[in-house]
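Reviewing the structure listed below.
The values are calculated or read from the model by the stated rules, or taken from the named source; none is laboratory data. Keep in mind that what you see is a predicted model, and the values were worked out from it rather than measured. FYI the Cβ positions are ideal-geometry reconstructions off the backbone, even for glycines, and counts take in every protein chain you see. Just the protein is used for accessible areas: all its heavy atoms, side chains included, with ligands, DNA and RNA removed. Shrake-Rupley method; radii C 1.70, N 1.55, O 1.52, S 1.80 Å.
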Amino acid sequence: MQTNNNSKSPRGNFFEDFKMGMVFHHATPRTVSDGDSSLYIALTGARQVLHSAQPVAHAMGYKSRTIDDLLAFHIALGKTVPDISINAIANLGYAQVQFIRPIYVGDTISAKSTVVGLKQNSDGKSGIVYVQCEAINQDHQVVISWVRWVMVRKSNLDSPAPETVIPELDKVVDAKNLHIPHNVEYNEFDTQMTGSAFLWDDYQVGELINHPSGMTIDESDHTLATKLYQNPARLHFDASKSTYGKRLVFGGHVMSVCRALSYEGLENALSIAAINGGAHSNPTFGSDTIYAHTEVLDKWEIPGRSDVGALRLRLIGVKDQPLRFLSEASTTIEGRRNYHPNVVLDLDYTVLMPRRA
Amino acid sequence: MQTNNNSKSPRGNFFEDFKMGMVFHHATPRTVSDGDSSLYIALTGARQVLHSAQPVAHAMGYKSRTIDDLLAFHIALGKTVPDISINAIANLGYAQVQFIRPIYVGDTISAKSTVVGLKQNSDGKSGIVYVQCEAINQDHQVVISWVRWVMVRKSNLDSPAPETVIPELDKVVDAKNLHIPHNVEYNEFDTQMTGSAFLWDDYQVGELINHPSGMTIDESDHTLATKLYQNPARLHFDASKSTYGKRLVFGGHVMSVCRALSYEGLENALSIAAINGGAHSNPTFGSDTIYAHTEVLDKWEIPGRSDVGALRLRLIGVKDQPLRFLSEASTTIEGRRNYHPNVVLDLDYTVLMPRRA
Amino acid sequence: MQTNNNSKSPRGNFFEDFKMGMVFHHATPRTVSDGDSSLYIALTGARQVLHSAQPVAHAMGYKSRTIDDLLAFHIALGKTVPDISINAIANLGYAQVQFIRPIYVGDTISAKSTVVGLKQNSDGKSGIVYVQCEAINQDHQVVISWVRWVMVRKSNLDSPAPETVIPELDKVVDAKNLHIPHNVEYNEFDTQMTGSAFLWDDYQVGELINHPSGMTIDESDHTLATKLYQNPARLHFDASKSTYGKRLVFGGHVMSVCRALSYEGLENALSIAAINGGAHSNPTFGSDTIYAHTEVLDKWEIPGRSDVGALRLRLIGVKDQPLRFLSEASTTIEGRRNYHPNVVLDLDYTVLMPRRA
C-alpha cells in the first residue's frame, strides 16, 4: 500500500500557532457579481433598494447598485475561516465592524487578519484569539474592517500559554467614525422607491418595531448561502462535525435573514454603516422559522451632513414564534445576559437613513 | 419599558382603503440581471432558447437574450403585493396580461397599479379589488400590463361599502393586440436551435400534448423563487400565516414550472405574448410533483406578418400524477367549473411561434 | 373529445434509431454567465481560484476568470441528453474528456455528437451507443471533447441488430495531448491566492489525501444544479421515473461536489485538463453526505513547459462516512472491480498545477 502521510490536507491553525502581531493574507480572492446579488436576494428575501435598483443607487451618486453590506461581510469573513477558525470551538463575538467603502459588481474582495489578542483558557486546552480583519478591494482599499474573537482548541496541550493580551474594543462605533460614501447625496431621496415615508427624523430612541413577516430557513437555503459565502466551516455542511448532531445554520446567514425581515418597518435604512457587537445567542437549525424585532437604541446626526443621519438599532432574531414583548428577549442577572431559548440573534448595529429636507 | 406603538411596521391596505382611480407607484424598483436568469433556469428547468442563447436572440433582431417573460411578470407582480394584496384572502384572477416589450439584462422594472373595480362582499367583511397594473422599464416604457383581482379583508367593518364597479375584461387578448417585438424577424429561424421541427403551421386547434417530464417542487425551490421575485406574501414563507398549516407554493411559480415542462412539445413557442386568464385551481405544496398538459385552443395569423403566428394554449398543471385524459381536468356543472383535486393550474395563454417559410 | 395523437411530444431516440456516423447538432445553445458561476459556487462550495478571482486569472494571461471546467462540461453534456440518453437505461462511461480551450462569461456553448460505436445486447432489448461529443463556442471552436457510452432501450424489438462496432478508446489522455491555455503563464503564480504552498513538485505518485470536509446533498441542491445544467433526464426530478423509487442525484453533480471537497489538499490544481475515465459506482440520493479521497496516480511534465505540470489523480467519493483506507474503495476479483457499497464515484482525471520556479 501507499503511504498515507496526509501532509497535503490542511490542518488549520490551533491556539498555540497564533502569535501576537501575526498577519494572515487569506486565500482565494473573490470577484463579486450580479449572480451573487441575485442569489443573496433569493436566499434572504432582501429588498433593500441600493442593492436592487441600479437607477436609484446611481441617482444618489453611487457608481452603480452596491453589493449588500452583509453579503460582502460574509464573503470576507468566510475567507478568514481556513486560517483563523477552522479549529474553533465557538465564535465569541464581533466588534468595531465598519463598512468603509461601497462594493460594486466586478470588485474583487480579499481578506487579511492580524492577531491582536490572545488568552489561554484556564483548563489549558484552548484559548481565545482576537483578530483585527480587513476586507480589501482590487485597488488595495480597505472596504470593511472588524475585530472578531474565537475560542480555538490547542493541538499540543504541552505548548506554553502565551502572555495574555486582551485588546481594548469600542462598545460602539461613534458617529464621527461612520463612513458616508464619497459623493453620495441623500437630499433628493424619493421614498416612493422604498415604499415608506418614514425617515431618520421619524424614529425615536426607545421605539420598538415588530417586523410582521417570518421566514422558515430550510437546509438548502442556509447551506447554499454558506457555500456562496465560501465559508468552509464544517459544522454547517456535515452533521457529524456539529456538536448538535445536525447541521448548524451559519450565524451570519441568520443575521442576513433578520436584516431582510426588518425591511418592513425600516425601509429607508439604506445601508449598514457599522456593527457594534452581536451574539448568536442560541443555535438555528434547518426548518426553524425566524422572526425579527428592532429597538431603536440611539439616533445620531452625522458631523457635517444634514441630509443623512444614523440610527443605532438592536435587531433581535427569534425562532418558532415572535416575542410578545421585546423585554422577554433577555434578562441580565448578576451582570450576565441570559437569553430566552428562542432568541437566536441579538445584534447591535448602525444604519444610515436619509433625513427630511 | 419603551412604548411599542409599532407605527413603523407597515399594515398594508385593507378593502376600505381602496378607492376607484387610486394609483399606486410600488416600491423597490428591480434591476434584472444575468444572475436572475441563471437562477430562474435553476429553479424551473427552463430551456426556452431566447432566454438561454445570446447569439440566437441577437440573430433574430433582439438587442440581446431576453429575460424570461414569466420571470419579469413575477417580479413586477411581486412589487404590487405590499400595497395591493398583503391583506388578501385570495388571488381571484388575472386578465389581459400583455407582454409589450422585451426585457433585457440591466433593465430596471418598476410597477404601478390603478384601482379599476371594487365590490364589497355580501358579508361586509371583505371585498374584491380590481387593479390595472403596469410594469415599466427605466426608459418609462410599459413592458407588461395586466389586470388582477383579489379578495381583501376589511379592517374596519363599519366602513361603508363603496359603489360597486366591475370592469369589463376581455376574455382573450386579440391577435391584433399582440405585440411582436420591433425589428424581430422569424424568417431565418433555425429549428436546430430548439430541437423541434414543429412550427406554427404544424399545430392544430384541438390538438393535445402530454408533456413527458415531471418535476418535484421542494420547499427551498419555491421559497427561493418567491424571494427572487421579491414577493413578500407571508403564506409562502411561514406556515403559521397559511390557512393550510403549511407553506403554500406561489401560484406564479407553478405557472413557471408548467411552462418549463411544456418545452417538450412546444420547443418553438419562443415567447409569451399574452395571458388571457388563469386559475390556481388547487393549492401546491412543497414535495408535490407537477406534470403538464397542453391543449391548442386557437391558432391565429398575426396581421401583417407571414413569419410568425400565435397559438392560444390551455396549459394544465397537475400534481402527483399526469392526467390520463385532459377531459378529466375539469367539468362544468351549472356553469361553474369543477376541478379535479390534483389540477393545480389552468392557464389560458398565447405564444408566438415561427411559421414555415 | 379532441384526438390525442401526442405527435408533438418528443420521444427521443431508441437503440434502433442510432446508425454509425450519425451526427446530432443538439438543441438550445447556452450562454454562460456570472449567474451560472455564482450558482455553481453556491451549489458545490467550489473555491478554485481561476473561477473565483478575476485579477488572479487575468494576471496569468486568461482573458478573464473562467467558467468552472465541470460546470461547462455538465452544461454541454446536458445538451446531448434529449437526443442521446433520454431513453437510456444506464450511463456506462466516459473517456478521452479533453478540456481544450477556456470558457469565459458570455460565451455560448453548443454541443454536437457523432455515433462512433454500436453493440446490441444479447437479449435483443437494448444496446450500447458510443458517441464522440464536442462542446463548441460561439466562434465555432471546440472547447471540450469527449466520448461517452450509454445503454439505450429498443422501442421496436423486431428491428435488426446493427453491425457491432466498438471504438478504440484511450485509457488515459497523454501528457502531450493536454491543452495548456494559450498565453497562460504559471511562472509568477502566487500561492497566497490559494492558501497552499504545495506545488506540482511536492506531490508524489502513490500519495493519498483524505480531504477533511464532508457535504450533505439535499434534494434542492442537486435538482437546482441539474436544472442549471439544463439536463432534463427525468429520474433526477421525478421519483416515479427512477428505478430506485426516489430521485437519483445526477452523477456529474457528485463529481462536482467531490472536486470542490478536494480543494483542501489540492488548492493549486488550478484547472482540469482531462478526464480519463470514471464510474458512478453506487447511486447518490438526497440527504447523503459525501466525503472525498484522492490518490496521485501519475505525475507528468508538460512538453515544452517548465512552469506547469500535470497530475493524474484518482478521486474517490464516498457517502455516509469517509473511508478508513483508500484500499477499501474497491477490490478487483477475476478482473472485475467491486466497489464498497458507500463508494459513489471513482474518477480518473488530470489537473494542471504550477511548478516551483
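A few comments on the model shown:
- Just one of the numbered conditions (1) open to solvent by 30 Å² or more (accessible area, probe 1.4 Å); (2) hydroxyl-bearing (Ser, Thr, Tyr); (3) within 29 Å of residue B:177 (Cα to Cα); (4) not in a strand (DSSP E or B) is not true of residue B:263: (1).
- Scan the stretch A:43-72 for residues that are over 20 Å from residue C:54 (Cβ atoms) and out of contact with any Ser or Thr (no Cβ under 9 Å at 6 or more places or on another chain) and the total you get is 4.
- Boolean, residue A:185 is open to solvent by 10 Å² or more (accessible area, probe 1.4 Å) and more than 9 Å from chain B (Cβ to nearest Cβ): yes
- Residues in the stretch A:43-71 that are out of contact with any Phe, Trp or Tyr (no Cβ under 9 Å at 6 or more places or on another chain) and within 14 Å of chain C (Cβ to nearest Cβ) were compared, and the one that is farthest from residue C:33 (Cα to Cα) is A:44.
- Residue within the stretch B:282-303 that is assigned to a loop (DSSP other than H, G, I, E, B), surrounded by fewer than 22 Cβ atoms within 10 Å (Cβ to Cβ) and touching a Pro at 6+ places or on another chain (Cβ under 9 Å) present: yes
- Considering the stretch A:317-334, the residues that are closer than 13 Å to residue A:210 by Cα and either assigned to a strand (DSSP E or B) or among the aromatic types (Phe, Trp, Tyr) (or both) include one that is nearest to the other protein chains (Cβ to nearest Cβ), namely A:325.
- For first residues located in the stretch A:219-240 and away from chain B (no Cβ under 14 Å), partners that are open to solvent by less than 20 Å² (accessible area, probe 1.4 Å) and among the small types (Gly, Ala, Ser) and lie 6+ apart or on another chain with Cβ distances below 6 Å form the pairs A:229/A:78; A:230/A:78; A:231/A:78; A:234/C:213; A:235/A:242; A:238/C:214.
- Residues in the stretch B:280-291 that are under 11 Å from residue B:319 (Cβ atoms) and within 11 Å of chain C (Cβ to nearest Cβ): B:287, B:289, B:290, B:291.
- One residue stands out in the stretch A:102-127 among those that are among the charged types (D, E, K, R) and touching a strand residue (DSSP E or B) at 6+ places or on another chain (Cβ under 9 Å): the one that is nearest to residue A:60 (Cα to Cα), namely A:107.
- When each of A:79, A:19, A:119 is tested for being closer than 23 Å to residue C:265 by Cβ and either within 18 Å of the chain's Cα centre (by Cα) or open to solvent by 10 Å² or more (accessible area, probe 1.4 Å) (or both), the lone residue that passes is A:79.
- Single unsatisfied condition, residue C:286 versus (1) of a type outside the set (S, T, N, Q); (2) out of contact with any Ser or Thr (no Cβ under 7 Å at 6 or more places or on another chain); (3) over 25 Å from residue B:225 (Cα atoms): (3)
- Selection count, the stretch C:277-309, where residues are aliphatic (A, V, I, L, M) and closer than 26 Å to residue C:60 by Cα: 3
- For residue A:292: the one exception among (1) in contact with a Gly (Cβ under 6 Å, 6 or more places away or on another chain); (2) without any contact (Cβ under 8 Å) to a residue 24 or more places away in the chain: (2)
- Scanning the stretch B:199-254 for residues that are among the acidic types (Asp, Glu) and touching an Asp or Glu at 6+ places or on another chain (Cβ under 7 Å) gives B:218, B:219.
- Breaking point among (1) facing chain A (nearest Cβ under 10 Å); (2) under 18 Å from the mean Cα position of the chain (by Cα), for residue C:209: (2)
- Odd one out for residue A:57 among (1) modelled with pLDDT of 95 or more; (2) open to solvent by 10 Å² or more (accessible area, probe 1.4 Å); (3) touching a helix residue (DSSP H, G or I) at 6+ places or on another chain (Cβ under 9 Å); (4) over 30 Å from residue A:128 (Cα atoms): (2)
- Of all residues in the stretch B:133-178, those satisfying the criterion of being within 17 Å of residue B:350 (Cα to Cα) and either open to solvent by less than 50 Å² (accessible area, probe 1.4 Å) or among the aliphatic types (A, V, I, L, M) (or both) are B:143, B:144, B:145, B:146, B:147, B:169, B:172, B:173, B:175, B:178.
- Residue-level check: of (1) in a helix (DSSP H, G or I); (2) without any contact (Cβ under 8 Å) to a residue 24 or more places away in the chain; (3) in contact with a strand residue (DSSP E or B) (Cβ under 7 Å, 6 or more places away or on another chain), residue A:9 misses just (1).
- Every pair of residues 6+ apart whose Cβ atoms lie under 7 Å, when the first sits in the stretch C:115-128 and is in a loop (DSSP other than H, G, I, E, B) while the second is aliphatic (A, V, I, L, M): C:124/C:157; C:125/C:157
- When residues of the stretch C:21-42 are limited to those that are in a loop (DSSP other than H, G, I, E, B), of a type in the set (A, V, I, L, M) and over 15 Å from residue C:228 (Cβ atoms), the one nearest to the other protein chains (Cβ to nearest Cβ): C:27
- Residue within the stretch C:322-336 that is touching a strand residue (DSSP E or B) at 6+ places or on another chain (Cβ under 7 Å) and modelled with pLDDT of 95 or more present: no
- The sole residue among A:240, A:220 that is over 18 Å from residue A:346 (Cα atoms), open to solvent by 10 Å² or more (accessible area, probe 1.4 Å) and in a helix (DSSP H, G or I) is A:240.
- Flag for residue A:215 being more than 7 Å from chain B (Cβ to nearest Cβ) and buried (at least 23 other Cβ atoms within 10 Å of the Cβ): no
- Complete set of residues in the stretch A:156-189 that are among the acidic types (Asp, Glu) and without any contact (Cβ under 8 Å) to a residue 40 or more places away in the chain: A:158, A:168, A:174
- Taken over the stretch A:242-279, the criterion of being under 12 Å from the mean Cα position of the chain (by Cα) and within 11 Å of another protein chain (Cβ to nearest Cβ) is satisfied by A:257 alone.
- Unmet requirement for residue B:97, which otherwise passes all of (1) within 13 Å of chain C (Cβ to nearest Cβ); (2) of a type outside the set (D, E, K, R); (3) open to solvent by less than 10 Å² (accessible area, probe 1.4 Å); (4) not in a helix (DSSP H, G or I): (1)
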